[in-house]
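Chemist: Before I ask anything, here is the structure I am working with.
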Amino acid sequence: MLTPELSNDSLRFLKKRDPKQFRQIFQAIVSLCETPRPTDSIAMGDGIHFRQSVGEFRVIYKFDSEKLFVSTIGHRNDGAAYALFTQRD
């Protein structure tokens with residue numbers, strides 16, 4: 001199982017969610033640590049990052065043999081996750 005490592009922006013976003021949303025995203029991250037390439041994850045254009053839909057949110061991440069790096073968490077329908085992701089990387 002991989003160890004999760006969240007960016008500061010991701011942690012800040014998560015802390016602002018209500019308990020139900022927090023739990024939903026947290027469970028998805030734990031699941032990604034167990035299976036980093038689920039069938040519904042999609043590779044991003046750079047081939048290193050992947051995206052996972054979690055309800056109304058999008059989690060953008062990459063992983064190696066030991067860690068799951070969560071780069072960005074954002075709203076799925078307004079493209080905010082992609083805007084944050086392109087600003088960071």
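Nothing in this text is a laboratory measurement; each read-out follows from the coordinates by a stated rule. Being a predicted model, the structure only gives us computed values, none of them experimental.
Chemist: Please work out how much length the chain gains when fully extended from residue 12 to residue 67, using 0.36 nm per residue of separation minus the C-alpha to C-alpha distance, in nm with one decimal.
Modeler: Taking residue 12 through residue 67 to full extension adds about 17.8 nm, to one decimal.
Chemist: Which percent, to the nearest 5, of DSSP beta bridges fully inside the chain are antiparallel?
Modeler: Percentage antiparallel, nearest 5: 80.
Chemist: I want to verify the translational diffusion coefficient of the chain in µm²/s; compute it with Stokes-Einstein, Rh as the Kirkwood radius over Cα pairs, at 10 °C and 1.306 mPa s.
Modeler: The calculation lands on 124 µm²/s.
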